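Presented below is the structure to which this report refers.
The values are calculated or read from the model by the stated rules, or taken from the named source; none is laboratory data. What you are looking at is a predicted structure, and each value in this text was computed from that prediction instead of being measured. Reconstructed Cβ throughout: ideal geometry from the backbone, glycine too, with neighbour counts over all protein chains shown. Only protein heavy atoms, including side chains, enter the accessible area calculation; ligands, DNA and RNA are left aside. Shrake-Rupley method; radii C 1.70, N 1.55, O 1.52, S 1.80 Å.
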Amino acid sequence: MLVLFNFTYLKMHQPKIVLMSVILKIVDGLVVRGPSAPLSAPLGSSVVLPCYVDEALPVEDLEVEWRRADSETLIHLYQDGESRAEVQQQDYHDRAHFFTEEIQHGNFSLRLDNLTAQDEGEYRCRVHSQQDSGETVAEIKNIERLLVSGPEKLVSAYVDGDVTLNCSVDSHITPEHIEEVSWRKTDKDGDITVLLYQKNKTVSEATHEEFRGRVEFFTAEIPKGNFSLRLKSVRTEDKGVYMCQVFAGVLSANATVQLERLGFSALHTMTVILCISASGSALLLCFLIYSPDKGGFKVSVCRERWFYSAILSISNLEAY
């Protein structure tokens, strides 16, 4: 703010009047500087919210407070020459920190650790020094999330049938920036690579021999963040736990899918029924050919063979 004072000095004995102009500069508060643009960072990482003045201020009577602009929640406070962590809002304990040694140089920036999705928004830095005060605003925008989700329950399948193991990526990151997606089957003896997506393409040669020719992505769905896996010609040994793991820069996340005890298809059911029916027909034929009086031994053998055949068929059915 500029104020102009005009003084007229009149000398009675001189014919000339002299006009003097004095310009006084009055400082209207502190000039507190902050970021020139919104800040962004990956979920779970750290971000620095800038807040500083051009010239160092005396630490005596200095007070700096960081608050959420939308709710006035206290993030951190510097007062009486020290950080006052005890007055922070609970959600920011051990997450919000001053650069204490820099405060004497006029740097009041705040480091916020372990970012969550709820940390998006505006933050206000207020600086009070003796009779002057000023403030600036920093905004955290578009925190880069990487959330990978799978099915909410166990997945079942039929032997010799096909099954889909779901894996979807909910992220601000576009599929083009996803560096790698790997499907792995976790066994007690180690992990088996089922299918690998790397540098925007499927790496088929990385697939373990047990799954070669039987697994694929839904290629048309990948731009939508859908990295579900189709497993064809399911085998009994395919049951187990599968992990879908996604990598994007410093971000990574995963989801697991459990392929439970495999069921049996209608074809297998009909096959077993036919086997049992055929065994029953053979037993009936034995009764017709051999009477109880003349062929008791052979009828007994027929019964045993039918019983064994029926048990074998049921065992095969349970194996599926």
Selection count where residues are charged (D, E, K, R) and assigned to a strand (DSSP E or B), scope the stretch 133-161:
3
Hey, among LEU231, LEU196, which residue is touching a helix residue (DSSP H, G or I) at 6+ places or on another chain (Cβ under 9 Å) and under 17 Å from ASP162 (Cβ atoms)?
LEU231
If the requirement is being modelled with pLDDT of 95 or more and either acidic (Asp, Glu) or open to solvent by 70 Å² or more (accessible area, probe 1.4 Å) (or both), which of these qualifies: ARG126, ARG212?
ARG212
For residues that are more than 23 Å from SER149 (Cβ to Cβ) and modelled with pLDDT under 95, scanning just the stretch 188-204, find the one that is least open to solvent (accessible area, probe 1.4 Å).
GLY190
Of residues in the stretch 75-95 being hydrophobic (A, V, I, L, M, F, W, C) and open to solvent by less than 30 Å² (accessible area, probe 1.4 Å), the one farthest from GLN118 (Cα to Cα):
LEU77
First in the stretch 89-111 and without any contact (Cβ under 8 Å) to a residue 24 or more places away in the chain, second anywhere and among the acidic types (Asp, Glu) and outside any strand (DSSP E or B), Cβ under 6 Å, 6 or more apart:
ARG95/ASP113
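For (1) among the hydrophobic types (A, V, I, L, M, F, W, C); (2) part of a strand (DSSP E or B); (3) closer than 27 Å to THR174 by Cβ, each residue gets a yes or a no:
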{"site": "GLU210", "(1), (2), (3)": "no, no, no"}
{"site": "ALA220", "(1), (2), (3)": "yes, no, yes"}
{"site": "PRO223", "(1), (2), (3)": "no, no, yes"}
{"site": "ARG230", "(1), (2), (3)": "no, yes, yes"}
{"site": "SER233", "(1), (2), (3)": "no, no, no"}
{"site": "PHE247", "(1), (2), (3)": "yes, yes, yes"}
{"site": "ALA253", "(1), (2), (3)": "yes, yes, yes"}
Kindly indicate which of VAL31, VAL59 is touching a helix residue (DSSP H, G or I) at 6+ places or on another chain (Cβ under 9 Å), open to solvent by 40 Å² or more (accessible area, probe 1.4 Å) and not in a strand (DSSP E or B).
VAL59
Can you find even one residue in the stretch 264-275 that is modelled with pLDDT under 80, open to solvent by 80 Å² or more (accessible area, probe 1.4 Å), in a loop (DSSP other than H, G, I, E, B) and of a type in the set (Phe, Trp, Tyr)?
yes
